[in-house]
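Written out below as structure tokens is the structure these notes cover.
The values are calculated or read from the model by the stated rules, or taken from the named source; none is laboratory data. Since this is a predicted model, take the numbers as computed values, not measurements. Virtual Cβ from ideal backbone geometry, glycine too; neighbours counted across all protein chains shown. Surface areas here come from the heavy atoms of the whole protein model, side chains and all, with no ligands, DNA or RNA. Shrake-Rupley method; radii C 1.70, N 1.55, O 1.52, S 1.80 Å.
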Amino acid sequence: MNTLKVIKTVDFGVYLDGGEGREILLPARYVPQGCGEGDEVDVFIYHDNEGRLIATTLRPLATVGEFQWMQVKEVSAVGAFLEWGLMKDLLVPRREQKTPMQEGRRYLVYVYLDFVTKRIVASARIDRFLDNVPPPYERNQEVDLIVAESTEMGYKVIINHQHWGLAYHNEVFHSLEKGEKRKGYIREVREDGKIDVSLYPLGYGKIDGIARRVLQTLTRSGGFLPVHDGSDAGEIQSLFACSKKSFKKAVGALYRQQLISLEKEGIRLTGSE
């Protein structure tokens, strides 16, 4: 994405200053209303089907350096074309496919700039674009996650578009979908470089997060919930997406802060009747 200045207006759009004497066309259908010479526009730059640089105010599903699940729109002799969110589709060359891609199916790909053709393309051989630099993370650091797949141990996730990570099944309290994006937290960077992540803040941060969830659920339920220390673990997980142990810690923290009262049949927001 670039912020470029309008340098010329024509019937079919405006030309933007691409630097080094280059003029890049922003077609009329993307020109913001009232935009004229001297104005700046946020645009995405790519090559059109004729090989010319062109601008659009649309944002693609992924830009260079990002991973994304995308659907195959068409397959040809040169490769597979993905629905990219633009007028132009995104090519995955045949050499960049782990297995032959099929029309209509979704694949996890990495978007990059091909240094030979100078075109933006994608690759399904994602392993070679991950774990290429040492993990710069600290324990409990908030990170961006993309769910890649479910394994026997847990969910494989991509961390900050740079590293593989794993969220263990016994610490995930609801199902995750392939391609789902969400925040996560670094649990541990192991000696072998593998990274364990959590979907919730660790330590007291985790309790605070679950405690907020308990308060929100109480509020939506009119101030009372029929759950307590003796409630079934499955019921607690269904209500709050956490383990029974974490629920008890969260309730204890809320009670000490006098935000809830503990009753024989459940928990109640302080002051609610």
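Counting the residues of region 69-83 that are among the β-branched types (Val, Ile, Thr) and under 13 Å from GLN102 (Cβ atoms) gives 2. Selection of first residues in region 1-18 that are more than 14 Å from GLY36 (Cβ to Cβ) and open to solvent by 70 Å² or more (accessible area, probe 1.4 Å) and of second residues that are small (Gly, Ala, Ser) and not in a strand (DSSP E or B), restricted to Cβ pairs under 6 Å at least 6 apart or on distinct chains, gives the following pairs, ordered by first then second residue: PHE12/ALA28.
Within region 111-126, the residues that satisfy the criterion of being in contact (Cβ under 8 Å) with a residue 12 or more places away in the chain and of a type in the set (A, V, I, L, M, F, W, C) are VAL111, LEU113, ILE120, VAL121, ALA122, ALA124, ILE126. The residue of region 19-56 that is least open to solvent (accessible area, probe 1.4 Å), among those that are modelled with pLDDT of 95 or more and of a type in the set (Phe, Trp, Tyr), is PHE44.
Mind listing just one residue for me: the one in region 88-110 that is in a strand (DSSP E or B) and of a type in the set (A, V, I, L, M, F, W, C) and, of those, surrounded by the fewest Cβ atoms within 10 Å (Cβ to Cβ)?
Taking region 88-110 and keeping what is in a strand (DSSP E or B), we get 90-93, 106-110.
Those still in the list that are of a type in the set (A, V, I, L, M, F, W, C) too: 90-92, 108-109.
Values: LEU90: 25, LEU91: 20, VAL92: 26, LEU108: 18, VAL109: 27.
Filtering first and then ranking leaves LEU108.
If the condition is being out of contact with any His (no Cβ under 9 Å at 6 or more places or on another chain) and either open to solvent by 40 Å² or more (accessible area, probe 1.4 Å) or β-branched (Val, Ile, Thr) (or both), then region 239-260 contributes LEU239, LYS244, LYS245, LYS248, LYS249, TYR255, ARG256, GLN257, GLN258, LEU259, ILE260.
For region 129-148, the tally of residues that are modelled with pLDDT of 95 or more and not in a loop (DSSP other than H, G, I, E, B) stands at 7.
Can you tell me which residue within region 230-255, out of those that are hydroxyl-bearing (Ser, Thr, Tyr) and farther than 17 Å from LEU199 by Cα, is modelled with the highest pLDDT? The selected residue is SER231.
When region 115-128 is limited to residues that are closer than 18 Å to LEU61 by Cα and in a loop (DSSP other than H, G, I, E, B), the one that is least open to solvent (accessible area, probe 1.4 Å) turns out to be ALA124.
So which residues in region 76-110 are free of Cβ contacts under 8 Å to residues at least 40 places away in the same chain, closer than 21 Å to HIS47 by Cβ, aliphatic (A, V, I, L, M) and in contact with a strand residue (DSSP E or B) (Cβ under 9 Å, 6 or more places away or on another chain)? Correct list: VAL78, ALA80, MET87, LEU90, LEU91, VAL92.
For region 253-272, give me each residue that is in a strand (DSSP E or B) and touching a Gly at 6+ places or on another chain (Cβ under 8 Å). Quick ask: steps written out before the conclusion?
Just the residues of region 253-272 that are in a strand (DSSP E or B), to begin with: 260-263, 266-269.
Answer for region 253-272, where residues must be in a strand (DSSP E or B) and touching a Gly at 6+ places or on another chain (Cβ under 8 Å): ARG268, LEU269.
Only residues that are in contact (Cβ under 8 Å) with a residue 12 or more places away in the chain and either over 16 Å from ILE54 (Cα atoms) or not acidic (Asp, Glu) (or both): list them for region 19-28, please. ARG22, ILE24, LEU25, LEU26, PRO27, ALA28, listed by residue number.
Among VAL227, VAL214, which is under 25 Å from GLY266 (Cα atoms), at pLDDT 85 or above and in a helix (DSSP H, G or I)?
Numbers: VAL227 fails: in a helix (DSSP H, G or I).
Being under 25 Å from GLY266 (Cα atoms), at pLDDT 85 or above and in a helix (DSSP H, G or I) holds for just one of VAL227, VAL214, which is VAL214.
A single entry from GLY184, GLY209, GLY179 fulfils the requirement of being touching a strand residue (DSSP E or B) at 6+ places or on another chain (Cβ under 8 Å), crowded, with 16+ Cβ neighbours inside 10 Å, small (Gly, Ala, Ser) and closer than 22 Å to GLN141 by Cα: GLY184. Exactly one condition in (1) surrounded by 15 or more Cβ atoms within 10 Å (Cβ to Cβ); (2) at pLDDT 90 or above; (3) under 30 Å from SER261 (Cβ atoms); (4) not hydrophobic (A, V, I, L, M, F, W, C) is not met by PRO201; state its number. Failed condition: (2).
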